[in-house]
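Each remark here refers to the structure printed beneath this line.
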Amino acid sequence: MPTKQTLPQKKIPERRCIGCGERFPKTELIRIVRAPDGTISLDRTGKKSGRGAYLCHSVECLKRARKANRLSQNLDCEIPEEIYLKMEAELASNV
């Protein structure tokens with residue numbers, strides 16, 4: 001009797017949250033991206049071009065990342081106050 005061949009399990013990429021430091025599947029995190037033109041935005045699709053950092057769907061993780069200056073370090077630029085406020089509002093509205 002022939003045996004069934006099993007398809008190889010597709011590897012799910014993991015990323016680390018810059019707020020809490022825990023690893024999650026890439027699809028469960030929000031990507032914050034600095035586009036080539038210098039604009040900073042939340043990338044919920046994970047497909048925008050530019051340098052990115054990953055964050056949980058939590059305002060607390062954003063606050064921790066901000067306090068430790070991790071977002072600026074990961075994106076290699078200074079983050080203006082209004083960007084943090086905008087990201088915090090977006091995260092709070094989608095909870």
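The values are calculated or read from the model by the stated rules, or taken from the named source; none is laboratory data. What you see is a predicted model, and the numbers here were worked out from it, not measured in a lab. Note: ideal-geometry Cβ built from the backbone for every residue, glycine included; neighbour counts use all protein chains shown.
I need the full set of residues from the stretch 65-95 which are assigned to a loop (DSSP other than H, G, I, E, B) and surrounded by 11 or more Cβ atoms within 10 Å (Cβ to Cβ), in order please.
Residues of the stretch 65-95 assigned to a loop (DSSP other than H, G, I, E, B): 68-69, 76-80, 94-95.
Residues satisfying the conditions are ALA68, ASN69, CYS77, ILE79.
Test each condition in (1) under 11 Å from the mean Cα position of the chain (by Cα); (2) surrounded by 12 or more Cβ atoms within 10 Å (Cβ to Cβ); (3) not aliphatic (A, V, I, L, M) for PRO25 and report the one that comes out false.
For PRO25, the exception is condition (2).
For SER49, work out the one condition from (1) hydroxyl-bearing (Ser, Thr, Tyr); (2) out of contact with any helix residue (DSSP H, G or I) (no Cβ under 9 Å at 6 or more places or on another chain); (3) modelled with pLDDT under 90 it doesn't fulfil.
Of (1) hydroxyl-bearing (Ser, Thr, Tyr); (2) out of contact with any helix residue (DSSP H, G or I) (no Cβ under 9 Å at 6 or more places or on another chain); (3) modelled with pLDDT under 90, only one is false for SER49: (3).
Name the residues in the stretch 66-89 that are in contact with a strand residue (DSSP E or B) (Cβ under 7 Å, 6 or more places away or on another chain) and more than 13 Å from ARG31 (Cα to Cα), would you? Steps first, please.
Keep residues of the stretch 66-89 that are in contact with a strand residue (DSSP E or B) (Cβ under 7 Å, 6 or more places away or on another chain), which gives 71, 74-77, 79, 83, 87.
Result: ASP76, CYS77, ILE79, ILE83.
Would you please name the residue that is nearest to ARG34 (Cα to Cα), looking only at residues in the stretch 54-95 that are modelled with pLDDT of 90 or more and basic (Lys, Arg)?
Out of the qualifying residues, it is ARG70.
Would you pick out the residues in the stretch 1-28 that are modelled with pLDDT under 90 and either in a strand (DSSP E or B) or of a type in the set (A, V, I, L, M) (or both)?
Passing the criteria: MET1, LEU7, ILE12.
Go through the stretch 37-64 residue by residue and tally those that are basic (Lys, Arg) and either in contact with a Ser or Thr (Cβ under 7 Å, 6 or more places away or on another chain) or assigned to a helix (DSSP H, G or I) (or both). Break it down stepwise before answering.
Taking the stretch 37-64 first, the residues basic (Lys, Arg) are 44, 47-48, 51, 63-64.
Next cut, either in contact with a Ser or Thr (Cβ under 7 Å, 6 or more places away or on another chain) or assigned to a helix (DSSP H, G or I) (or both) only: 63-64.
Summing the residues that are basic (Lys, Arg) and either in contact with a Ser or Thr (Cβ under 7 Å, 6 or more places away or on another chain) or assigned to a helix (DSSP H, G or I) (or both) in the stretch 37-64 gives 2.
Using the structure shown, decide if ARG51 is more than 23 Å from ALA92 (Cβ to Cβ) and either surrounded by 13 or more Cβ atoms within 10 Å (Cβ to Cβ) or in contact with a His (Cβ under 6 Å, 6 or more places away or on another chain) (or both). Before you say what the answer is, go through the steps one by one.
On the way: more than 23 Å from ALA92 (Cβ to Cβ): yes; either surrounded by 13 or more Cβ atoms within 10 Å (Cβ to Cβ) or in contact with a His (Cβ under 6 Å, 6 or more places away or on another chain) (or both): yes.
The answer is yes for ARG51.
Just to be sure I understand the filter: pairs with C-beta atoms under 6 Å, separated by 6 or more residues or on different chains, first member in the stretch 31-60 and more than 14 Å from PRO80 (Cα to Cα), second member surrounded by 16 or more Cβ atoms within 10 Å (Cβ to Cβ) and among the polar types (S, T, N, Q). Which pairs pass?
ALA53/ASN74
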